[in-house]
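Have a look at this one before I ask anything.
The values are calculated or read from the model by the stated rules, or taken from the named source; none is laboratory data. All values reported here derive from a predicted model rather than from experimental measurement. Every residue, glycine as well, gets a Cβ built from its backbone with ideal geometry; the counts of neighbours run over all protein chains shown.
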Amino acid sequence: MPHRLGLGLTFSAAALSLTLATAQAAAPEVGKAVVVKNEVVLQSPAEAKPLKRGAKVHQDESLITGKGASAEIELQDKTKLAVGPDSTIVLDKLVFDASAGQSITLNLSKGAFRFVTGLSPKETYEIKTPTATMGVRGTVFDVFVTPEGETAVLLHEGAVDICPTPSSCQRHDRKGRVVHVSLARVLTSPLNWDATLFKGMAFAAAFPFVGKRLIVDPVRRVAHASLTTAPRTARKIVETPAKVIKRVIPRF
């Protein structure tokens, strides 16, 4: 009886190994991790494992970062992604072979992200959040998604078509401005960041990559101060010296 039990366990382990190997073989490789900081998990339909720098990533896998963690990914077509703390992204559908019909679909479930387009045609990209679908136009942009699904898009270069529904789309082409999509799928016009957008959340928490050089995007893109709406008291402080200077400068 123990001998039969041992054989059964051996066959079960072998079957599990075969299932995992088959699942991994079925999911095509789509890119690799170039930076991993702190706890990042790579979740596939078959298993969950820590993501390491240089590790390959595959279609249908999810990247899940912990608090204080981040990752930078380069896809096979040179599309680049940065994933901020406490974030989840699903590598939904990524086909780079033109003969097979190129398609790049990414699901941003929650958290902070930077997206840099690669060599694939613009029309192949589809970036999804719980409240919007985005098409890109040769673009660098940041996205923040709340746990409830609200979405904010900060543009750095190019343009992004933001569609809360298939029939209501808006092209965001104002560099340094944020478009907000509410839970009711209502779009704002491009605006400066305001702390009231997400109930007092700090700008740096929503867009942690602003002002930083990344491996996947080594350009230091603007500073937090230039993207936020200044409080009224601060505006008065700035305006007052200008008025004083104007009064004391003599005319010649």
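With the requirement that a residue be surrounded by 15 or more Cβ atoms within 10 Å (Cβ to Cβ) and of a type in the set (A, V, I, L, M, F, W, C), what does segment 162-184 give you?
Ile162, Cys163, Cys169, Val178, Val179, Val181
Now a separate question. Which residues, taken from segment 70-85, are outside any loop (DSSP other than H, G, I, E, B) and free of Cβ contacts under 8 Å to residues at least 60 places away in the same chain?
Selection gives Ala71, Leu75, Val83.
Among Gly111, Gly68, Gly84, Gly54, which is at pLDDT 95 or above and either touching a Phe, Trp or Tyr at 6+ places or on another chain (Cβ under 7 Å) or within 21 Å of Val219 (Cβ to Cβ) (or both)?
So the residue among Gly111, Gly68, Gly84, Gly54 that is at pLDDT 95 or above and either touching a Phe, Trp or Tyr at 6+ places or on another chain (Cβ under 7 Å) or within 21 Å of Val219 (Cβ to Cβ) (or both) is Gly84.
Right, here's the next one. Say we look at segment 23-39 and pick out the residues that are surrounded by 12 or more Cβ atoms within 10 Å (Cβ to Cβ) and free of Cβ contacts under 8 Å to residues at least 40 places away in the same chain; which of these is nearest to Leu106 (Cα to Cα)?
Ala27
Give me the pairs, please: first residue somewhere in segment 118-129 and more than 21 Å from Gly149 (Cβ to Cβ) and surrounded by 21 or more Cβ atoms within 10 Å (Cβ to Cβ), second residue anywhere and at pLDDT below 95 and charged (D, E, K, R), beta-carbon distance under 6 Å, and either six or more positions apart or on two chains.
Pairs that qualify, where the first residue is more than 21 Å from Gly149 (Cβ to Cβ) and surrounded by 21 or more Cβ atoms within 10 Å (Cβ to Cβ) and the partner is at pLDDT below 95 and charged (D, E, K, R), are Ser120/Asp77.
Filtering segment 146-161 down to residues that are farther than 18 Å from Ala206 by Cα and either of a type outside the set (Asp, Glu) or touching a residue at least 24 places away in the same chain (Cβ under 8 Å) (or both), which residue is surrounded by the most Cβ atoms within 10 Å (Cβ to Cβ)?
Val160
Here's something else I'd like to know. Pick from Ala205, Ala225: which is in a helix (DSSP H, G or I), at pLDDT 50 or above and surrounded by 10 or more Cβ atoms within 10 Å (Cβ to Cβ)? Walk me through it before giving the result.
Details: Ala225 fails: surrounded by 10 or more Cβ atoms within 10 Å (Cβ to Cβ).
Checking each option against the conditions leaves just Ala205.
Just one of Lys67, Lys49 is out of contact with any helix residue (DSSP H, G or I) (no Cβ under 9 Å at 6 or more places or on another chain), without any contact (Cβ under 8 Å) to a residue 12 or more places away in the chain and surrounded by fewer than 18 Cβ atoms within 10 Å (Cβ to Cβ); which is it?
Answer to the selection: Lys49.
Pick from segment 87-108 the residues that are assigned to a loop (DSSP other than H, G, I, E, B) and modelled with pLDDT under 95: which of them is farthest from Asp217 (Cα to Cα)?
Looking at the filtered set, the residue picked out is Gly101.
In segment 132-145, which residue that is surrounded by fewer than 22 Cβ atoms within 10 Å (Cβ to Cβ) and of a type outside the set (Gly, Ala, Ser) is modelled with the lowest pLDDT?
Ranking the candidates gives Arg137 first.
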